[in-house]
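Notes follow once the structure below has been shown.
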Amino acid sequence: MEGGRRAHTAVVGWACTTLCLVSYAAAFSQGASLSACSDMMPRHLRVQLHSSNSNYVTVHTNMSFFFPGDKVPVTVRSTRDYMGFMLQARKVSNNEIAGTFIFLPPGSKLLTCFEEGDTVTHSDKSLKRNLSFVWKAPDQPIGDIKFL
């Protein structure tokens, strides 16, 4: 890198929360399908999405910036139980999925949308409320990111 300095990349202060929250599910009880990769919309046979006006899920990280290759803790918190979810990190500049998840809590599994481990989804119908993950930034600078 220029001048031998590592450029840092800011993590967007706000976290966009687009989790597939469902009251009940008739299908995909073992995780989101690959058809949800691009738009993150659930493809359940019977699904009830919660209104964005009553959004009770937040995504937190304790880092305001990261360097290429850094490991970033990410926590998804909710004031209500939910069963299904999908989590990705995306570049703010072009909305492309970026990085990989390297630590998952029970009830979660990796999904490969564009790169192995770039997406996390539920692995069962157990009720969830607070989940902790570790996301690994790509080895090259990518700019600001948001967690969806």
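The values are calculated or read from the model by the stated rules, or taken from the named source; none is laboratory data. Values in this document were obtained by computation on a predicted structure and should not be read as measured data. Don't worry about glycine lacking a Cβ; one is built from the backbone with ideal geometry, like all the others, and counts go over all protein chains shown.
For every residue, the table says whether it meets (1) assigned to a strand (DSSP E or B); (2) more than 22 Å from Asp144 (Cβ to Cβ); (3) of a type in the set (Phe, Trp, Tyr); (4) modelled with pLDDT under 85.
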| site | (1), (2), (3), (4) |
| --- | --- |
| Ala25 | no, yes, no, yes |
| Ser29 | no, yes, no, yes |
| Ala32 | no, yes, no, yes |
| Ser35 | no, yes, no, yes |
| Met41 | no, yes, no, yes |
| Val72 | yes, no, no, no |
| Ser78 | yes, yes, no, no |
| Ala89 | yes, no, no, no |
| Pro105 | no, yes, no, no |
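Keeping to the range 90-108, report how many residues are surrounded by fewer than 15 Cβ atoms within 10 Å (Cβ to Cβ), among the charged types (D, E, K, R) and touching a residue at least 40 places away in the same chain (Cβ under 8 Å). Even if it seems obvious, please write down each step before you answer.
To start, the set of residues in the range 90-108 that are surrounded by fewer than 15 Cβ atoms within 10 Å (Cβ to Cβ) comprises 93-96, 102-103, 105-106.
Within this subset, residues satisfying the condition of being among the charged types (D, E, K, R) are 96.
Filter again for touching a residue at least 40 places away in the same chain (Cβ under 8 Å), leaving none.
Final tally of qualifying residues: 0.
Among the strands (runs of 3 or more DSSP E) confined to the range 109-148, the ones with at least 3 residues that are modelled with pLDDT of 90 or more and surrounded by fewer than 21 Cβ atoms within 10 Å (Cβ to Cβ) are located at 128-136.
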